[in-house]
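Data block below; observations after.
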Amino acid sequence: MQEKLRRLMIGRYGMDQLGKFLSWTAIILLFITLFFRNRIIELIPFFILIICYFRIFSRNINKRYNENQKYLAYQNRFLGYFKNFRTRSMQNKNYHIYACPTCKQKIRIPKGKGKICITCPKCKAEFVRKS
Ligand SMILES: [Zn+2]
């Protein structure tokens, strides 16, 4: 049985991160669609599963590989956004972020120091802000 499966998969693409993402999406949607009594909505998770299996058994490995790379790039951007969001909100507690009025360079100023004169590290322009 395993030998048969192995032979079936020769020259085929198989599972990747995008495949896993699609199958999980399909499973989650399957649960969500239980609450809808709509035939068309119910078909969406099956449609996603079909795409998923089509990719696994596809012989066009290059194309599937590129799809996965694109997916990974999106995923990185998405996760990166949330990571940035966390560090940004942590920074907001202790720092003000001001943009230099001349060159728009972002400058981080510690909070609670009253009115201070800020010198832009990039263009040396000076401006006063409340910290
Ligand atoms: Zn500047």
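A few points about this structure:
- Residue among Arg55, Arg59 that alone is over 27 Å from the mean Cα position of the chain (by Cα) and closer than 30 Å to Arg7 by Cα: Arg59
- Against the list (1) within 16 Å of the ligand (Cβ to nearest atom); (2) open to solvent by 50 Å² or more (accessible area, probe 1.4 Å), the condition Phe21 fails is (1).
The values are calculated or read from the model by the stated rules, or taken from the named source; none is laboratory data. In this text the structure is predicted, and so the values were computed from the model without any measurement. FYI the Cβ positions are ideal-geometry reconstructions off the backbone, even for glycines, and counts take in every protein chain you see. Note: accessible area is taken over every heavy atom of the protein model, side chains too, but ligands, DNA and RNA are not part of it. Shrake-Rupley method; radii C 1.70, N 1.55, O 1.52, S 1.80 Å.
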